[in-house]
């Protein structure tokens, strides 16, 4: 509907706008709407205690969706768009949208969209750093970092916008026009089944990323994932694999290749774990013909790690402490555990949090193989305990803690020189924290305070 920022500014001048939900992007969105000259802006939040902005009308509390009738409604991704209040508003003539939808409408840059059940933040970061190393002007955002819509005035044609998209955000982009120039799906495994109606809806949300792509666009997919390997679409498709894959991006055990051309040696990648080799291959699938090989190598050698992703915190008492709070699903914890190599189990893993309705069964054999102890906390502690106990392999010590802080303290008491204490919860954080970042930051605060 809007092709340029000028189009949107002309539209919004005499219109009322609502911003619904307390999300990271909404404070900058309120400022953006003020700058664009909206006639009236209403912020609708369920929470009562928030920092208010001058020039904004507020509707707060349990009835924040009552009388939803603004001309244009921006919803935060965490609130489903099929709520009856939204449906009624649209029937009465309101336009329902979101920050990301408007951004992609207005963005003049080359767009790179990245999603996946695991690895999307790291892959997004790697793509951004490779493009920067190749001399491109790059804007990284979406589900990572700062919101991009509020910076739309500074983004120019020829720049690159590298955007991480969650399934929640993609669910809002099924609009017939969202079509990134480059799209990446790192993998699809069960996740967020506490929000999506079922696995089918979750998969369908992920597939929106390429739904409207053209032949001249590119889609980068994992060949090793059963779901993504069988995707067919109109875009030019590049597969990546941990095994030799003629015509794709692949790892031969030592180096990453595109076709028969070597791009990157494993030794150039600083970040630990086989999963990060996959993330690099996904990024190379996008960038290998945009920038020179030297830019890819330079970026790999300079990316030292990403916060909350197997992040080294400190050594204490001869044990190494790692924060991988991003690991909010069993598959992520499996990858984190397998990134550490040892002749004998020497990991004390902290598991637990809020329940995303995902099975912990695949996690049990890996925990037994890689860990000497598991410390459990939170809403899912008994569910995980039962799963670990049912997998009878002996040797694993299981402790249950009454709080997150107590779990970290218990792990410290169990650690011996040469051990690894790993926060890799396999669960969401919402039973105790606002998000995984707050959880990881609390872990680091405790550990640095030993």
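No lab work stands behind these numbers, since they all come straight from the coordinates. Only a predicted model underlies this, so the values are computations on that prediction, with no experimental measurement involved. We place every Cβ from the backbone using ideal geometry, glycine too, and count neighbours over all the protein chains shown.
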*Between the helical axis of 404-414 and the dominant principal axis of the chain, each derived from Cα atoms, what acute angle in degrees is found, rounded to the nearest 10?*
20 degrees
*Gyration tensor (Cα) of segment 104-302, equivalent ellipsoid semi-axes in angstrom*: 24, 21, 15
*Counting DSSP beta bridges in segment 311-448, what percent are antiparallel, to the nearest 5?*
25 percent
*Would you mind pulling out the separation of the Cα centroids of segment 97-170 and segment 401-445, in Å?*
31 Å
*To the nearest 10 degrees, how steeply does helix 26-36 sit against the main Cα axis of the chain, on a 0 to 90 scale?*
30 degrees
*asked:* Using only the alpha-carbon atoms, what does segment 141-218 span along each of its principal axes? Please give whole angstrom values in decreasing order.
replied: 39, 31, 22
*Antiparallel bridge percentage (DSSP; both residues within segment 104-302; nearest 5)*: 20 percent
*Between the helical axis of 436-448 and the dominant principal axis of the chain, each derived from Cα atoms, what acute angle in degrees is found, rounded to the nearest 10?*
40 degrees
*What residue among 365, 180, 417 shows peak mean-square fluctuation when the chain is described by a Gaussian network model with Cα springs under 10 Å?*
417
*How do the peptides 81-87, 217-223 rank, highest first, by the average count of neighbouring beta carbon atoms within 10 Å per residue?*
217-223, 81-87
*Which percent, nearest 5, of DSSP beta bridges in the chain are antiparallel?*
20 percent
*Rank by packing, highest mean first: peptides 57-64, 97-104, 409-416, with packing defined as the count of other Cβ atoms within 10 Å averaged across residues.*
97-104, 409-416, 57-64
_Inter-centroid distance (Cα atoms) of segment 299-368 relative to segment 175-243, Å_ = 26 Å
*So how do 112, 421, 244 line up by other beta-carbon neighbours within 10 Å, fewest first?*
244, 421, 112
*Shape call for the chain from the C-alpha gyration tensor, a ≥ b ≥ c root eigenvalues: rounded (a/c under 1.5), prolate (a/b greater than b/c) or oblate?*
oblate
*Taking the Cβ of each residue in 400, 138 as the centre, tally the other Cβ atoms inside 10 Å and list the residues starting with the fewest.*
400, 138
*Per 5 Å bin from zero, what fraction in whole % of the C-alpha pairs of segment 311-448 is there, up to the bin with the longest pair?*
2, 12, 24, 27, 22, 10, 3, 0
